[in-house]
Every structure is written in C-alpha cells, then in structure tokens.
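Student: The following block contains the structure, expressed as structure tokens.
The values are calculated or read from the model by the stated rules, or taken from the named source; none is laboratory data. If you're wondering where the values come from, they're calculated on a predicted model, not measured in any experiment. Every residue, glycine as well, gets a Cβ built from its backbone with ideal geometry; the counts of neighbours run over all protein chains shown. These area figures cover heavy atoms from the full protein model, side chains too; ligands, DNA and RNA do not enter into them. Shrake-Rupley method; radii C 1.70, N 1.55, O 1.52, S 1.80 Å.
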Amino acid sequence: MLLAVTFGFSIALATGALLLRVLPRFRLRQTAYEDAPQSHQSKTGTPTMGGLAILTALLPPLWLFYRNDALGEALMLLVFACAAIGFLDDYLGTRAGPVRGLRARTKYLATALAAVIFLRYVGGTLPHPVNAYPILSAGAMTLTVPLWLWLSLGTMAITGTVHAVNLTDGLDGLAAGSIIAPLGAMFAIAVSLHEFSRTSWPLVLLLAIGACLAFLVYNCYPAKMFMGDTGSLALGALLSGAAILSGEMLLLILIGGVFVAEALSVIIQVASFKLTHKRVFRMSPLHHHFELGGTREPVVTMRFWTASALCSLIGWAVVR
C-alpha cells in the first residue's frame, strides 16, 4: 500500500514540475469567470490542465496490471474517457474568442455516454445473482436491483459524481484534497470485500491518492497550477466507478458528502432564483458562499477537507 501511494506521489510530483514549465509555453492558462468572487480575478493566468500529472501516475498500472483484468480495464477506460472530455473543455477554454469551453449540456451528455458504455461492459462481468445487481452492502444486508434500474442509477451516479467533483474544484486545493479520503474509504471497502483476490483495480485508488497528495504541492493556496476539468472529471469518474465495482453505489451519497453538498447548493440556488427570484446562498457552489461570508480561502478548504474525511469515515463504518 505504501509503495503504491509513494509511486503515485513520485510520478505526479515529477510530472507536475514538468507541466509547470510546459503549460505556459502553450498558453494553457486559466481565465477567471466574470461572475466569480472578485478575489479570484488575480488567479487569471495560472496554468491549467494540471490534472495530467494525476493521470500520468495512473498510466503504468494500465499497462502492467490491467491487460488481463476486464474490470480494471473498464475502470481505466471510464477515467480516461472523462479526462479526454475535460481536456477538450480545458483546451477550448484557454483559446481566445467567444467559445469558452464545451457547453454544459455537451459535457453532461458526453460523460453520460461514457457511463453507459462502462456500465454495459461491467454489467456482464461483475459477479451477481440472476438479474440482481448490488448497490449497497452493509454488514449482512445487501440491497440489489434489476439490471434496468442498476443501469439507470449507475448512469446518474457516475454523471452526478463527475460533475459534482468538477463543481468542487473552485478553490486552491479543494477538490484534490477533498477526494483523498473518499478514495481511501473505497480502497478500504474493496479490501474488506477481498476484491484483490479477483481483480487489481483497487490498486489505482492508492496511486490516485499518492498523485493527489503530490498535486497539492502545486495546487495548495496560493496555487501554482490548477487541475482543470482534465483532472476533476477523471477523479469523479474514478470514485464513482470504484463504488459501482465494489457494489456500493449508494454509499457515494455519504462518502462523497462534500461533493453532494456542492452540487445541491447549485441546484437549490438555480431553482430558488427561477421560482422566487431570490438566492438562498451568497453564491454557489457552496464554497463561494462561505468565502463571501468572510472566511479566508485556505480556511474554507481545510474545513471541507475535514468534512470529507468525516463523511468517508462514517461511510466506511457503515459497511465494514
């Protein structure tokens, strides 16, 4: 375990140092949104697409371990498919002109398509009773659903998690730090389910933890580099894909509590404004609400990291 985390950390750390030199040369820099808090305007010009450092740490096992592992291959294909969508969005967002990235609808449909392909592939590979697919296991209790419902819930789980992590990536170090504990919880659950006896996919969770720790060297406040959608979509895909492969799809609501809160804050804000023309939060996603309330950015980030760790610990305790 320590070796895998160290390996992921070392690869991402070295790649991140290289990206700090390369990304500015290709003018791959972040432009702050006009409606972002005023303090974020100073972040314009910071290199983006740093998520490539995290993805690089996941490539060696793709070749070494997953060639004869159907579940591992499927998980990595999901991760890199979502990363490719994010890469295109980041690239378009750094170009001059009226087009500032992919349209939200396009990103949702593209990630949903990747989710459906992933689910159809693993649906015939995962061990399960006839027409009974697990979505939650807690102790001796296992909650199962028929294939059609499993596919529907799985598509919503992957798409929702991918974009919730993307929404969370709005403060320095917030997304990278908040996802470490959920990935750790999913690894612990996979070990308790003896997943290593039939597949090697849990190994990638450890590599991703190490890679995220290394990325924080460049991404903690004040950030020298952002992960962009390239990283956030990939990490959301990894977390949700791992939950589905371990039969703990519904557990995402708990261990990903921070991401759920961020997504809900946007939904509530938009719905409230459309229905009543009033805002519930100072600004959404939720981290901006606290930031505009006077809490310093590093403090908001640390509190969200702590909340994520607590949610993950509770989630692990529920199913152990």
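Student: Using Cα springs under 10 Å in a Gaussian network model of the chain, which residue among Met156, Met249, Met76 shows the largest mean-square fluctuation?
Tutor: Met156
Student: Please give the solvent-accessible surface of Asp172 in Å², to the nearest 10, using a probe radius of 1.4 Å with every protein chain present.
Tutor: 10 Å²
Student: Per-residue accessible area for Phe7 at 1.4 Å probe radius, Å² rounded to 10?
Tutor: About 90 Å², rounded to the nearest 10.
Student: Could you state the per residue volume, in Å³, of the convex hull enclosing the Cα atoms of region 147-224?
Tutor: So the per-residue Cα hull volume is 91 Å³.
Student: Quick one: with all protein chains in place, what share of the accessible area of the chain is carbon or sulfur, to the nearest percent (1.4 Å probe)?
Tutor: Using a 1.4 Å probe with all protein chains present, the chain comes out at 68 percent carbon and sulfur.
Student: For region 246-297, what class follows from the C-alpha gyration tensor (a ≥ b ≥ c being the square roots of its eigenvalues): rounded when a/c is under 1.5, otherwise prolate if a/b is larger than b/c, else oblate?
Tutor: oblate
Student: Could you order peptides 12-18, 226-232 by the average number of other Cβ atoms within 10 Å of their residues, highest first?
Tutor: Working: 12-18: 19.4, 226-232: 29.4.
Ranked from most to least packed, the peptides come out as 226-232, 12-18.
Student: Still on this model: Please sort through the DSSP H helices of the chain and keep those with an alpha-carbon extent of at least 20 Å along the long axis and a Kyte-Doolittle average not below 0.5.
Tutor: 2-25, 51-64, 70-94, 104-123, 147-168, 202-219, 228-245, 257-276, 297-319
Student: So what are the radius of gyration and Dmax for the Cα set of the chain, in Å?
Tutor: 18.9, 57
Student: Give a residue-ordered list of calculated ³J(HN,Hα) values for region 41-49 (Karplus: 6.51 cos²θ - 1.76 cosθ + 1.60, θ = phi - 60°; whole Hz; x for Gly, Pro).
Tutor: 5, 5, 7, 4, x, 6, x, 10, 6
Student: Specify whether the C-alpha gyration tensor of region 82-219 places it in the rounded, prolate or oblate class, a ≥ b ≥ c being the square roots of the eigenvalues: rounded for a/c under 1.5, otherwise prolate if a/b is larger than b/c and oblate if not.
Tutor: Judged from the Cα gyration tensor, region 82-219 comes out oblate (a/c at least 1.5, b/c at or above a/b).
Student: Turning to a different aspect of this structure: For Val145, which sequence-distant residues (separation of 5 or more, or a different chain) have an amide H within less than 5 Å of its own amide H, given hydrogens modelled in the peptide plane?
Tutor: Those lying under 5 Å, H to H, from Val145 are Tyr133, Ile135.
Student: Still on this model: Rounded to the nearest whole Å², what accessible area per residue is found for the chain with the 1.4 Å probe?
Tutor: Result: 46 Å² of accessible area for each residue.
Student: Of Val204, Val191, Val5, which has the most accessible area with a 1.4 Å probe, and how do the rest follow in descending order?
Tutor: Accessible-area ranking of Val204, Val191, Val5, largest first: Val191, Val5, Val204.
Student: Run the helix sum for the chain: -39,500 (n - 2.57) per DSSP H stretch of 4+ residues, divided by residue count, reported at 222 nm to the nearest 500 deg cm²/dmol.
Tutor: One gets -22000 deg cm²/dmol as the mean residue ellipticity at 222 nm.
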